[in-house]
Structures are given as C-alpha cells and as structure tokens.
Amino acid sequence: MTKTMLAMRDLKPAQLTQLQTSFPELTVLTMADLSETNLNDINIIYGYYQTTAGKTLLSQLLASSHSQLQWVQTISAGVDYLPFKALNDRHVLVTNASGIHAQSIAQNVFGYLLYFERALDQAVVAKSQKHYGIDTDKIVNLDDKNLLIFGPGHVGQQIAKVAKAFNMTVYGVSHSGQAKADFDEIVDDRHYEALLAKADYIVNIMPLTTETNKFFNRAFFDKLTTQPIFINVGRGPSVDEAALHGALTTGQLKAAALDVFDPEPLAATSPLWDDANLMITPHTSGYVQHFSHAYFNVFLPNLTQFMQDGTLVQNLVDMHKHY
C-alpha cells in the first residue's frame with residue numbers, strides 16, 4: 001500500500017536511505033517539496049511541532065475534505081497544543097516522543113537537587129567573591145530523603161529509578177494511582193495531601209490538561225509544611241508563577257528549579273529572576289545530544305506496523321485524555 005510521509009524534521013542521509021530500502025512504497029516529502037498538487041496526498045507527518053508553519057499546515061489539512069492525513073508523529077512528549085477535536089473528528093492518530101527525554105530530564109532533576117543540597121549554589125557565589133569556604137552546615141545528603149513525583153510516566157519512572165540509587169524513598173501521584181516500579185507508594189490525584197507532609201522534594205512532570213492547569217497554585221503551596229524543594233520539568237502552565245514566587249519569598253519552599261514557563265521565554269520583568277533560591281533553565285532539561293537518532297528509532301517500529309495494517313504499536317496518544 002503506497003503512503004506519503006511529510007518529514008517536518010530533517011532526516012539524516014542514512015535514515016532516508018533506510019526508509020527508501022525498507023519501504024519502497026513510501027514517498028518522503030520535505031517542507032520544500034510541498035505544493036498544491038501533493039498536499040492532500042500526505043498520510044503521515046513526521047516531526048510535527050507547533051511552529052507557525054506547522055500549525056498552518058495541520059489546520060489546512062484538517063480543514064480539507066480531500067486530505068488523506070492518518071497519523072501525526074509529534075517531536076515532543078507533551079501534546080497539549082494539538083487541535084484534538086479536529087484530529088479526532090478526522091480519525092487522525094497521534095503519537096508522541098515520550099521516553100526519549102527521560103534520561104536527560106532525570107539528570108537535570110538531580111543536577112538541580114545536588115546544586116542546592118550539596119551547597120554548590122554557595123560555591124558559585126563564593127567563587128565570584130574569591131572567597132574560599134562555604135557553610136558546611138547547609139550541606140545535605142539525599143540519602144533517606146522523600147521524593148514526591150507528580151506524573152509517574154516514562155520520565156517520572158526514570159527519575160524514580162535514579163532516586164533509588166541515592167537511597168531515597170519515592171512517592172508518586174497519578175490520575176489512576178496505579179503502582180509502578182521504583183515507587184514506594186503511588187496515590188491518585190485526589191488523595192495526595194498526606195504525602196505532602198513527608199516530601200523533602202517535589203517534582204512535577206505531569207502532562208498539561210484542564211485538571212493540571214495551575215495545579216501548583218497558592219492553595220497547593222499553602223499546604224506545605226516541610227519546606228521542600230520544588231522542581232518543574234513538566235509544563236509551564238501547571239504552575240502559578242506568582243504563587244511560586246510567593247512561596248519562595250515566605251519560605252514555604254526552601255528552593256525551586258524551573259525549566260518551563262508560561263509563557264516562554266520568561267519575561268525579563270518577571271520577579272522570578274530576582275529569587276536567589278530559584279534556578280532557571282530555558283526549557284533545556286529534555287535536550288538529547290543525539291536526538292535525531294533516538295527520535296527516528298521511536299518512530300520506526302510504528303512506521304513498520306502502520307505500513308502493514310494502519311495501526312501503531314507505541315506512544316499512541318489518548319485523544320480524550322490528551323496524553
């Protein structure tokens with residue numbers, strides 16, 4: 001069965017050769033190849049992300065009664081930006097890049113924790129002052145600390161796995177409360193408050209939905225009693241940034257690290273820049289050095305199955321849950 005794939009992300013020469021060899025019935029187009037004559041031939045979009053060009057193209061395809069679009073492979077793990085109703089109405093399948101970023105994000109999370117807990121933040125300041133010495137009373141080991149992860153998916157599970165190497169106790173919060181490897185306990189998102197009283201560190205990696213939008217708000221931070229460190233490597237809109245700033249100012253939080261914001265980039269006028277106990281990274285925690293290779297390898301098993309019978313075997317997005 002012949003298919004046409006639009007590669008919105010560049011393919012390596014070896015990858016293109018592999019596609020041509022393994023799937024001779026597959027035509028691969030680039031954005032430069034698009035024209036009015038082949039636009040409606042597209043069955044697969046590879047490397048979709050919400051750029052202006054991408055959004056315009058997808059809207060055009062979903063609005064066309066002649067479009068043959070069947071499957072969109074996004075470049076991101078979070079897909080909250082997609083027009084789900086239109087996709088669902090046209091029976092278009094969506095897969096994400098979930099799992100590719102897990103190791104990278106986990107490394108960032110522990111980079112943040114070690115920066116604050118091993119007093120590396122003090123060392124940076126001391127160096128700038130040419131001062132040899134830090135307050136060793138503020139150096140903390142991660143051993144036996146309690147880590148609370150909101151969102152025990154692929155990334156959350158990798159964070160939990162690393163946490164166990166530090167001899168930490170790991171708790172999780174998910175919509176279902178289903179048990180997962182490397183978690184000592186997981187509860188559903190209606191019964192997590194008892195875990196807040198135990199948390200030394202809180203990490204958000206939840207997908208963005210109507211339920212998780214501004215989930216970490218003033219009411220949430222007001223429940224904290226242990227002065228935890230808060231880390232957001234999930235989605236920016238999940239956190240009320242004004243409430244977070246307040247929690248840092250009042251000492252409800254010991255420190256925080258944010259890799260995502262709402263909106264991005266973070267405005268120069270944001271008071272978050274002035275919070276001394278806040279680390280800011282520019283949405284780079286998921287950066288993978290050899291992303292093209294890892295991304296293609298996630299896509300390939302799905303393409304193999306899709307070319308056989310039109311189904312997909314992994315990373316399929318639930319069109320009702322939006323993740």
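The values are calculated or read from the model by the stated rules, or taken from the named source; none is laboratory data. Please read all numbers here as calculations on a predicted model, not as lab measurements. Neighbour counts are summed over all protein chains in view; Cβ atoms, including those assigned to glycine, are modelled from backbone coordinates with ideal geometry. Heavy atoms of the whole protein, side chains included, go into the accessibility calculation; ligands, DNA and RNA do not. Shrake-Rupley method; radii C 1.70, N 1.55, O 1.52, S 1.80 Å.
The residue pairs whose first member lies in region 56-67 and is at pLDDT 95 or above, whose second member is basic (Lys, Arg), and whose beta carbons are closer than 8 Å, counting only pairs six or more residues apart or on different chains, are Leu62/Arg90; Ser67/Arg90.
Residues to consider are Ser238, Ser285, Ser270; find the one that is in contact with a strand residue (DSSP E or B) (Cβ under 7 Å, 6 or more places away or on another chain) and open to solvent by less than 30 Å² (accessible area, probe 1.4 Å).
Details: Ser285 fails: in contact with a strand residue (DSSP E or B) (Cβ under 7 Å, 6 or more places away or on another chain); Ser270 fails: in contact with a strand residue (DSSP E or B) (Cβ under 7 Å, 6 or more places away or on another chain).
The match here is Ser238.
For region 123-162, the set of residues classified as open to solvent by less than 80 Å² (accessible area, probe 1.4 Å), in a helix (DSSP H, G or I), without any contact (Cβ under 8 Å) to a residue 40 or more places away in the chain and not β-branched (Val, Ile, Thr) consists of Ala123, Ala126, Ala160, listed by residue number.
Please go through region 171-212 and pick out each residue that is open to solvent by 70 Å² or more (accessible area, probe 1.4 Å), under 23 Å from Lys254 (Cβ atoms) and either assigned to a helix (DSSP H, G or I) or touching a Pro at 6+ places or on another chain (Cβ under 9 Å) (or both). Those that are open to solvent by 70 Å² or more (accessible area, probe 1.4 Å), under 23 Å from Lys254 (Cβ atoms) and either assigned to a helix (DSSP H, G or I) or touching a Pro at 6+ places or on another chain (Cβ under 9 Å) (or both): Glu193, Ala194.
Determine, yes or no, whether Asp137 is of a type outside the set (S, T, N, Q) and at negative phi. So Asp137 passes the test.
Residues in region 213-221: is at least one open to solvent by 20 Å² or more (accessible area, probe 1.4 Å), touching a residue at least 60 places away in the same chain (Cβ under 8 Å) and assigned to a strand (DSSP E or B)? No, there is no match, as no residue in region 213-221 is open to solvent by 20 Å² or more (accessible area, probe 1.4 Å), touching a residue at least 60 places away in the same chain (Cβ under 8 Å) and assigned to a strand (DSSP E or B).
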